[in-house]
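Data first, discussion second: the structure below is written as C-alpha cells.
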Amino acid sequence: QMLATTWISESRGTMSTPSYYQNDAPFEAWDLSSLYTSDWGQVIQYVFRWQGKNGLQDLQKAVDFARHAIANDDRPIPWKHAPHAGKLLRQLQSIGWADATHVWKALRRRDGNATLDAIKDLIKEHK
C-alpha cells in the first residue's frame, strides 16, 4: 500500500508525496531532478529512491534513461537558472545518499558516461 502525504507548495499547488519519497533525505528528489532535462531528471529520481521503492529495477531504469540521454548528446547539465544544483548534489554525495556517492559525484562533474558507469557499479555491488 502506498501512503502519501499531501502538502501545499506556492509554485506547484497541492502536491502528494508518495511514501517512497518520505525519508530522511535532506530535500525532495523533485527539488533536484526538476533542474535537469527529462532524461537526467529521471536518472536522479530513480537513483534517489531506489532503496525505498523498486530496488535494482529502479537502478536499471536509471541506466536506461542515462543511455538514452547519452545517445542523444544530452549532458547532465542543470538549467541555467539552477546554479544551486551543484550544492544539492554535494549534499547527497557528502552523506552517501542512497549508497550512490559516486553517482552524485559524476553528476556534479557533469559527466554522463561516468554517471552511467557509477550506476552500473551500484547495481553490481547490490546484486
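The values are calculated or read from the model by the stated rules, or taken from the named source; none is laboratory data. As the structure is a prediction and not an experimental result, all values here were calculated from the model. Here the Cβ is made from the backbone with ideal geometry for all residues, glycine too, and neighbour counts use every protein chain on show. With ligands, DNA and RNA removed, areas are computed over all heavy atoms of the protein, side chains included. Shrake-Rupley method; radii C 1.70, N 1.55, O 1.52, S 1.80 Å.
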Every listed condition ((1) assigned to a helix (DSSP H, G or I); (2) touching a residue at least 24 places away in the same chain (Cβ under 8 Å); (3) of a type outside the set (V, I, T)) holds for Y46 save (2)
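Take the conditions open to solvent by 20 Å² or more (accessible area, probe 1.4 Å), free of Cβ contacts under 8 Å to residues at least 60 places away in the same chain, more than 19 Å from E28 (Cβ to Cβ) and in contact with a Phe, Trp or Tyr (Cβ under 9 Å, 6 or more places away or on another chain) and apply them to R75. Does it pass?
Numbers: open to solvent by 20 Å² or more (accessible area, probe 1.4 Å): yes; free of Cβ contacts under 8 Å to residues at least 60 places away in the same chain: yes; more than 19 Å from E28 (Cβ to Cβ): yes; in contact with a Phe, Trp or Tyr (Cβ under 9 Å, 6 or more places away or on another chain): yes.
Yes: the conditions hold for R75.
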Residue hits (segment 26-54; open to solvent by less than 20 Å² (accessible area, probe 1.4 Å) and modelled with pLDDT under 95) are A29
Is there a residue being surrounded by fewer than 17 Cβ atoms within 10 Å (Cβ to Cβ), on the phi < 0 side of the Ramachandran plot and in a loop (DSSP other than H, G, I, E, B) anywhere in segment 55-72? yes
When (1) of a type outside the set (F, W, Y); (2) touching a residue at least 12 places away in the same chain (Cβ under 8 Å); (3) over 18 Å from D74 (Cα atoms) are applied to T115, the one that fails is (3)
